[in-house]
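The values are calculated or read from the model by the stated rules, or taken from the named source; none is laboratory data. In this text the structure is predicted, and so the values were computed from the model without any measurement. Virtual Cβ from ideal backbone geometry, glycine too; neighbours counted across all protein chains shown. These area figures cover heavy atoms from the full protein model, side chains too; ligands, DNA and RNA do not enter into them. Shrake-Rupley method; radii C 1.70, N 1.55, O 1.52, S 1.80 Å.
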Amino acid sequence: MARLYTKKRIRDMCVKMLNERPLNKITVKDIVTACDINRNTFYYHYPDIYAILSEIFQSELQTAIDEYNDTLSWEEGFLVAAKFAMVNRRAVYHVYNSMQREELENYIFSVAGNVMYRYVERESESKGIQASTKDKKLIAYFYQCALTEMVLHWIGSGMKEDPNVIIRRIGELFDGHITLSLKKSGKLDF
């Protein structure tokens, strides 16, 4: 129990610091001092600060997967997953502008993939469309890539626009295209 408490404290402090300053300005010493723990305790839980980031993004991904359910639209599911980024905009921006940007990109890509594949599956089932698994994966992958790049562009431009507005607008643009793509499944030769 104390171990989980200490890990949570370290993670929370890392996020707090990321909301205040860039990743390259945060040291293990800063974290252990703020948490009032010794370096050995830190290293017992994490090999370095990057491991904390990895764990944070993995944890947020799992939360997004757990909270996403079949009653949500893909837009609502994506916004549930983006909750961490909306609450911690500066932290996300600092990670985006760091050497650890790949962790953030992988997180966004995974969230987008999970949300889009589940949506494509549900759309196929609810409309009674017999699409091949290969085509469903391809359709989901296309939208996964598009969403990932749009979110990364949004972060890179300083996250000024309201993500709710952006995601809803993307949803309007996607509307009907996924279903149409599913209906054409197996009818096109590559």
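Quick notes on this one:
- Here the contact order of the chain, divided by its residue count and restricted to Cα pairs under 8 Å and six or more residues apart, works out to 22 percent.
- Size of charge dipole - the range 65-151 - debye, nearest 20, with Cβ of Lys, Arg +1 and Asp, Glu -1, no other charges: 140
- Of all aspartates and glutamates in the structure, the ones whose alpha carbon falls short of 13 Å from that of Lys16, not counting any fewer than 8 places away in one chain, are Asp30.
- Surface composition of the chain: carbon plus sulfur atoms contribute 53% of the solvent-accessible area (1.4 Å probe, protein chains only, all chains present).
- Helix-only CD estimate at 222 nm, as mean residue ellipticity for the chain, using -39500 (n - 2.57) per DSSP H run (n ≥ 4): -23500 deg cm²/dmol
- Computed over every Cα-Cα pair of the range 77-119 and binned at 10 Å starting from 0, the pair-distance distribution P(r) comes out as 29, 52, 18, 1 percent.
- Sites Asn40 and Asn97, calculated FRET efficiency, Cβ-Cβ separation with R0 30 Å, nearest 0.05: 0.45
- Surface/4 estimate of mean projected area, convex hull on alpha-carbon atoms of the range 131-172, nm²: 3.2
- Label-point gap, in nm, between Lys16 and Asp48 - each point 7 angstrom along Cα→Cβ: 2.5
- Computed P(r) (all Cα pairs; the chain; 10 Å bins; percent): 9, 33, 28, 18, 9, 3, 0
- When the residues His94, His153 are ordered by accessible surface, computed with a 1.4 Å probe over the protein chains alone, the sequence from largest down reads His153, His94.
- Loop trypsin sites (Lys or Arg not before Pro), the range 78-181, which have at most 16 other Cβ atoms in a 10 Å radius of their Cβ (DSSP): Lys127, Lys160
- Across the range 21-116, C-alpha contacts under 8 Å between residues 6 or more apart give a mean separation that, scaled by the residue count, equals a relative contact order of 36 percent.
- For the range 10-70, GluC sites (Glu not before Pro) meeting the loop criterion (DSSP other than H, G, I, E, B) and having at most 15 other Cβ atoms within 10 Å: Glu20.
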